[in-house]
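Below: one structure, written as structure tokens.
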Amino acid sequence: MSEEQDRRVDKRPLSAVSNLLSSVFFIGFIPFAPGTFGSLAGALFIYILKPSYLIHLLLIAMVLLVGLWSSEQSESCWGKDSKKIVIDEFLGQMVALLFVPLSLTNLLASFALFRSFDILKPYPIKALERGLKGGPSIIFDDVLSGVAANLTLQVALCVT
């Protein structure tokens with residue numbers, strides 16, 4: 001296909017799919033705190049599913065790949081790091097719950113920790129976000145926020 005023909009290909013169906021996925025089935029369209037609702041969806045998804053650690057890792061890998069692609073596509077539609085893109089919060093919350101015993105207390109603690117790290121973006125999270133572009137910029141700061149929340153919770157669980 002020539003470059004001119006490629007430009008004429010209707011990409012709307014592909015954009016619709018990427019927008020559906022990056023907004024986590026339109027959760028990103030909630031007019032207030034869409035990132036919080038995206039995180040809540042990720043937490044509830046894992047809590048209800050209660051996957052084995054291996055399945056949990058595979059789900060993270062799958063959402064990571066889908067998130068990188070869909071957020072990159074949706075950013076071209078909605079603008080840089082649009083609030084409608086919440087697959088990053090969904091993924092970050094999944095990371096925050098990895099290897100954590102799934103109790104209601106741990107779910108709430110993980111949620112609060114993840115949202116805190118995601119909103120405050122302490123070093124090196126903010127540096128990572130600034131150093132990347134496109135889909136990776138959207139996704140990897142939330143993955144790192146999830147790792148920070150997870151490690152904090154793991155330490156707290158070991159101390160108690």
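The values are calculated or read from the model by the stated rules, or taken from the named source; none is laboratory data. The shown structure was predicted, so the numbers you read here are calculated from the model rather than taken from an experiment. As a convention, Cβ positions derive from the backbone with ideal geometry for all residues, glycine included, and neighbour counts pool all protein chains shown.
Summary of computed values
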item: Any helices (runs of 4 or more DSSP H) falling wholly within region 14-109 and containing at least 2 residues that are within 14 Å of the chain's Cα centre (by Cα), of a type outside the set (F, W, Y) and loosely packed, with under 15 Cβ neighbours inside 10 Å; result: 53-78
item: Scope region 113-160; condition loosely packed, with under 12 Cβ neighbours inside 10 Å and assigned to a helix (DSSP H, G or I); matching residues; result: I119, L120, R130, V155, C158, V159
item: Hits in region 122-145 - residues which are modelled with pLDDT of 95 or more and over 25 Å from C77 (Cα atoms); result: L144, S145
